[in-house]
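Each remark here refers to the structure printed beneath this line.
The values are calculated or read from the model by the stated rules, or taken from the named source; none is laboratory data. Owing to the predicted nature of the structure, the values given are computational and were not obtained by experimental measurement. Here Cβ is always computed from backbone atoms with ideal geometry, including for glycine, and neighbour counts include all displayed protein chains.
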Amino acid sequence: MEKFVKLKDEILKCRLCNEKFGYDPHPVFWGNKNSKIMQISQAPSLNVHNTLKPFNDLSGKKLRQWYGINDNVFYDPKNFYITSLAHCYPGKSKSGGDRLPPKCCSDKWLKQEISLVENEIYIIIGSYAAKKMFPNQNFNDLIFNDQILYGKPAYILPHPSPLNMRWLKNNPEFELKRIKEIRKVIYKTLNI
């Protein structure tokens, strides 16, 4: 069996966090070995957990607006490999937001995905994922400057969650300028 197909099968069967969560985990990721863009975020939302479709929520709607693409382009597996530090919804924290993704997930699966997917560029979404991929670097500096990850171009985005409106309000140049620069790269990568 091809390594990538075997990895996908192993991720789908993963139950590492079954005891931690208190409910049956549902690993969610999307794409294929030759996806042009590898998108890495923090963890699936509750809606994604229920539908098993990544970014099938308000964050995803905002993200596709930023990219300037429709659902068909976004969910075309030859375009995007959509994954996260945690492949399953981690549940709610006591503070009301989602729990942080368990480290065991990215340690076990994400490095393997990165080694097997033959993407052209990376898009990293949210401060938590950015901190994991680019430790000890300033989040705003990462967002407003092109990066290199594993020898490939990488672009960092704030999380498109409705809960992240304060950052967007405090950094209007992201939506006024930076996302337009990133959109051009996405269009060029996808030939649209």
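When you scan the range 135-186, how many residues do you find that are assigned to a loop (DSSP other than H, G, I, E, B) and either of a type in the set (S, T, N, Q) or in contact (Cβ under 8 Å) with a residue 24 or more places away in the chain (or both)?
10
Scanning the range 104-126 for residues being of a type in the set (D, E) and either assigned to a helix (DSSP H, G or I) or under 14 Å from the mean Cα position of the chain (by Cα) (or both) gives a total of 2. Contact map, the range 104-121: residues that are in contact (Cβ under 8 Å) with a residue 60 or more places away in the chain paired with residues that are loosely packed, with under 15 Cβ neighbours inside 10 Å and aromatic (F, W, Y), Cβ distance under 8 Å, separation 6+ or inter-chain. Pairs shown: I114/Y150.
In the range 13-61, the qualifying residues are those that are over 18 Å from S106 (Cα atoms) and among the aromatic types (F, W, Y), and the one that is modelled with the lowest pLDDT is Y23. Taken as a whole, the range 50-73 holds at least one residue that is surrounded by 13 or more Cβ atoms within 10 Å (Cβ to Cβ) and farther than 29 Å from Y187 by Cα.
Identify all residues within the range 94-117 that are among the small types (G, A, S) and over 17 Å from S41 (Cβ atoms); write none if there are none.
Let us first name the residues in the range 94-117 that are among the small types (G, A, S), namely 95-97, 106, 115.
Answer for the range 94-117, where residues must be among the small types (G, A, S) and over 17 Å from S41 (Cβ atoms): S95, G96, S115.
Identify the residue in the range 93-108 that is in contact with a Cys (Cβ under 9 Å, 6 or more places away or on another chain) and closer than 15 Å to P25 by Cα and, among all such residues, is surrounded by the most Cβ atoms within 10 Å (Cβ to Cβ). Give the derivation first.
So the first thing to find is which residues in the range 93-108 are in contact with a Cys (Cβ under 9 Å, 6 or more places away or on another chain), and the list is 101-102, 104-105, 108.
If we keep only those that are closer than 15 Å to P25 by Cα too, we end up with 101-102, 104-105.
On the way: P101: 24, P102: 19, C104: 13, C105: 22.
Within the range 93-108, the match that is surrounded by the most Cβ atoms within 10 Å (Cβ to Cβ) is P101.
Filtered by the rule that a residue be surrounded by fewer than 12 Cβ atoms within 10 Å (Cβ to Cβ) and aliphatic (A, V, I, L, M), the range 149-192 gives M165, L176, I192.
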